[in-house]
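Read through the structure below, which is laid out as structure tokens, and then see the notes.
Please treat every number below as a calculation from the coordinates, not as lab data. Everything numeric here is computed off the predicted structure, so don't read it as measured data. Positions of Cβ are backbone-derived with ideal geometry, glycine not excepted, and every protein chain shown enters the neighbour counts.
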Amino acid sequence: MSQKSLKPGNSFTPDRCWVGESQKISYKTREEAELAARCAEYDHHLPSKLKVYKCDYGDHYHLTSA
Ligand SMILES: [Zn+2]
């Protein structure tokens, strides 16, 4: 999706987050991240190896394959 909905005056909540040198998609809840992980695995025919973890820098979650 390329549409942007930046609203002046509202605090902008990024759905991405810089972790080290890479920008990662962030998820508001663990459930949302788990769902995204399962979808990604299905789409790419991957084994279940994506893990959800709580971000160190914000109140959200990321996926990692490490
Ligand atoms: Zn983060």
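Its Cα centre serving as origin, the range 21-64 has a Cβ charge dipole (Lys and Arg +1, Asp and Glu -1) of approximately 100 debye.
Label positions at His45 and Arg30, each projected 7 Å from the Cα along the C-beta direction, are separated by 3.2 nm.
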